Amino acid sequence: MFKANRYLLQPLDDSLFTGRSGVCLFLAALAKVTGKSEYKDVALAALSSLQHSLKTVEAQKRFIQPGLGIIGIGGIIYSLVKISHFLEEPKLLKNAQELTKRLTPEVIARDQNLDIVLGVGGAIPGLVSLYQETKDKSVLNTAILCGNHLLSKQTSTSPKAWKTLAEAKNNPMTGFSHGASGIALSLLRLYAATLNPAYLEAAKEGIEYESSVFDKSLKRWPDFRLTEKENQFDIMYAWCNGSPGIGLARLGSLPIIETKESYADIETALDMTQKHELFNGSSDVDYLCCGGLGRTELFILASQKLDNQQWLITAKKMQP
């Protein structure tokens, strides 16, 4: 394929992951922090086409098609809840509740992706957040259906995890975006809302699985999409795959799971991610999923959760 090495300008989709919901979430947070109304105005204006789409059944179907996680309907629900909170716009919660109706039992049962980006694992955070804001039991019931689907899809071998990507050679993935860390964190959010111990135990098993495949000599979690040779040199250090995302998941699991093993994983993730930065600098792109901003987020959250300002200093040094 011919590569022109030029940017392509085109309209954004509605998603959190690659679209206008993510941009609007940023603008809403900026409006909250700065108090400037122009950011709020732009965010609400950019959401108007999405709100209009909710009025037609055909348009609503497109929210399901990319996936149920943060690349699709799950991410949009999460964004609407957070934007509503930042901008004090309760109407957006109604929009999120309307979207939730698209997550029918049949749609959830068909999901084979399971993970945070594409599957029901990525629908749970938005649903739990929406339930916490509205106390709408139907929303919580939808989240429970997603959680039960994840329980039904655990591997039969112990420690149990989830097979998400075909290119992982039939191995359950590690990491945040497609692996056990992200799914476990979603189940912990659901456990906090329901106190159903089945979700807690499944989350613990997912974390135990990642521990079982951890390479102690190289201090890293494998990416099973890569060959053995590639794993030696080309493993990712990013929000999506590798130590930054796993560290973020363990930090997010506190205080529900607060063990010496979880703190050891956090320290390993911080150490290996910092070493990656020292050797590679900020040579790659600065976006969240696979770039420098995802690594920066690890150190910011660590400074907050561990009450250690040194990690915040590290995060600031990572930015140009």
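The values are calculated or read from the model by the stated rules, or taken from the named source; none is laboratory data. Computed from a predicted structure; not experimentally measured. As a convention, Cβ positions derive from the backbone with ideal geometry for all residues, glycine included, and neighbour counts pool all protein chains shown. Side chains are part of the model used for accessible areas, which takes the heavy atoms of the whole protein and leaves out ligands, DNA and RNA. Shrake-Rupley method; radii C 1.70, N 1.55, O 1.52, S 1.80 Å.
Here is how the numbers come out for the structure above:
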{"read-out": "All positions within region 150-164 that are more than 19 Å from Gly175 (Cβ to Cβ) and either touching a residue at least 60 places away in the same chain (Cβ under 8 Å) or not in a loop (DSSP other than H, G, I, E, B) (or both)", "value": "Leu151, Ser152"}
{"read-out": "Residue in region 100-114 that is in contact (Cβ under 8 Å) with a residue 60 or more places away in the chain and touching a helix residue (DSSP H, G or I) at 6+ places or on another chain (Cβ under 7 Å) present", "value": "yes"}
{"read-out": "Members of region 120-173 that are closer than 21 Å to Pro222 by Cα, open to solvent by 70 Å² or more (accessible area, probe 1.4 Å) and polar (S, T, N, Q)", "value": "Ser156, Thr157, Ser158, Asn170"}
{"read-out": "Odd one out for Lys135, checked against (1) in contact (Cβ under 8 Å) with a residue 24 or more places away in the chain; (2) closer than 30 Å to Gly206 by Cα", "value": "(1)"}
{"read-out": "Pair list, Cβ < 7 Å and 6+ apart or interchain, from region 292-320 residues that are free of Cβ contacts under 8 Å to residues at least 40 places away in the same chain and closer than 14 Å to Ile266 by Cβ to residues that are among the β-branched types (Val, Ile, Thr) and assigned to a helix (DSSP H, G or I)", "value": "Phe299/Thr314"}
{"read-out": "Only listed residue being surrounded by 12 or more Cβ atoms within 10 Å (Cβ to Cβ) and more than 30 Å from Ser152 (Cβ to Cβ), chosen from Arg20, Arg62", "value": "Arg20"}
{"read-out": "Pairs where the first residue, in region 220-236, is surrounded by 10 or more Cβ atoms within 10 Å (Cβ to Cβ) and the second is modelled with pLDDT under 80, C-beta under 8 Å, 6+ apart", "value": "Arg220/Ile235; Pro222/Asn231; Pro222/Ile235; Asp223/Asn231; Asp223/Ile235; Leu226/Asp234; Leu226/Ile235"}
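The rows are residues; the columns are (1) under 30 Å from Gly206 (Cβ atoms); (2) surrounded by 14 or more Cβ atoms within 10 Å (Cβ to Cβ); (3) charged (D, E, K, R).
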| position | (1), (2), (3) |
| --- | --- |
| Gly35 | no, no, no |
| Lys40 | no, yes, yes |
| Thr100 | yes, yes, no |
| Arg110 | yes, no, yes |
| Leu118 | yes, yes, no |
